[in-house]
1. Which pairs do you get when a residue that is part of a strand (DSSP E or B), found in the stretch 93-115, comes within reach of a residue that is of a type in the set (Gly, Ala, Ser) and surrounded by fewer than 20 Cβ atoms within 10 Å (Cβ to Cβ), reach meaning Cβ atoms under 7 angstrom, with the pair 6+ apart or on two chains?
2. Might you let me know whether the stretch 130-141 holds any residue that is within 27 Å of Arg66 (Cβ to Cβ) and not hydrophobic (A, V, I, L, M, F, W, C)?
3. Can you tell me which residue in the stretch 65-104 is farthest from Val45 (Cα to Cα), limited to those that are surrounded by 15 or more Cβ atoms within 10 Å (Cβ to Cβ) and under 19 Å from the mean Cα position of the chain (by Cα)?
4. Between a first residue in the stretch 37-60 that is over 14 Å from Ile116 (Cβ atoms) and a second residue that is assigned to a helix (DSSP H, G or I) and of a type in the set (Lys, Arg), which pairs have beta carbons less than 8 Å apart while being 6 or more apart in sequence or on different chains?
5. Going through the stretch 31-64 one residue at a time, which ones are touching a Phe, Trp or Tyr at 6+ places or on another chain (Cβ under 9 Å), small (Gly, Ala, Ser) and surrounded by 11 or more Cβ atoms within 10 Å (Cβ to Cβ)?
6. Being surrounded by fewer than 12 Cβ atoms within 10 Å (Cβ to Cβ), among the charged types (D, E, K, R) and in a helix (DSSP H, G or I) is the filter here; which residues of the stretch 224-258 pass it?
7. Just one of (1) modelled with pLDDT of 85 or more; (2) of a type in the set (Gly, Ala, Ser); (3) farther than 30 Å from Val63 by Cα trips up Gly115, so point out which.
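The values are calculated or read from the model by the stated rules, or taken from the named source; none is laboratory data. What you see is a predicted model, and the numbers here were worked out from it, not measured in a lab. All Cβ positions, even for glycine, are placed from backbone atoms using ideal geometry, and neighbour counts span all protein chains on display.
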Amino acid sequence: MVIDFFKPGASFLHRFDPRAKLILLAPVMAGFFLPAPLAVSGAYVVLLAAVIAAAFGPSELGVPLRPILPVLILICLLTPPFHPEGRALLRVFSFPLVTTPGLRATIATIIRFTGITLAFFAVFRSIELNELMLGLRWFGLPFSLCLLVIIAFRSIPSLGLTYRSVQDAHRLRAGPPTRGRRRRGRLAAFLPILTSVLIQAVKGMPVLAMVLESRGFGRVNPRTSFVELKKGRALAVDLAVSAVVSAVFFGTALFPWR
């Protein structure tokens, strides 16, 4: 089974050229590291969330946010203690646990991490892998490197599905948990599942080898494609929109608000 991260659709984000989206991704990522006010950076995150909700539906916002939720919690717990200077908002005995600079740094890190995650999700959720390969080839990347990117995008979701299937199979074989099994710990219960997943991955190597051969891996002759990207005026319009959005993004981030 081949699993793609791409979600089919006919929204404005799907119709936007993949090369223009890849070009736009770079300034969006860089913009979150510019010294913009927190309100401006937060507006960027809200805008990205609105774009994702409009293109894929509001329920899709949980797909990128749920995996990074533990990281965001760790940021909230670990960032404030490393900024003891400034006005203390919360003290534990005499130690300033949360200060104004610490709270500001925490919010900035959360906004930056969430914004970059949403930007990557919006781009790669709306790009089909064949179009992604053609877009990367248009930028001059070697075919072998493009194929490596495609394999990574397809293998990671497949391994995730394999892990969930193996986990369900082990649960059915093990039956209801008992007190003795709970004492073994999570690590002892995780090792058999990990072993089964690795075995399934090794068994899939011959299939991967046949896929590489069918893709023409290692050949040097000119390549053709059944998929064509935009050309002419349509491509120029998408590239112009990408340039305008990048300029607005940088302009608002670098604007002297204070």
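1. Close Cβ pairs (under 7 Å, with a partner that is of a type in the set (Gly, Ala, Ser) and surrounded by fewer than 20 Cβ atoms within 10 Å (Cβ to Cβ)) amount to Pro96/Ala88; Thr99/Gly86; Thr99/Ala88.
2. Yes, some residue in the stretch 130-141 is within 27 Å of Arg66 (Cβ to Cβ) and not hydrophobic (A, V, I, L, M, F, W, C).
3. Top of the filtered list is Ile75.
4. Qualifying pairs under 8 Å: Leu38/Arg104.
5. Gly31, Ala36, Ser41, Ala54, Ala55
6. If the condition is that a residue be surrounded by fewer than 12 Cβ atoms within 10 Å (Cβ to Cβ), among the charged types (D, E, K, R) and in a helix (DSSP H, G or I), then Arg233 is the only one that fits.
7. Status for Gly115: all satisfied but (3).
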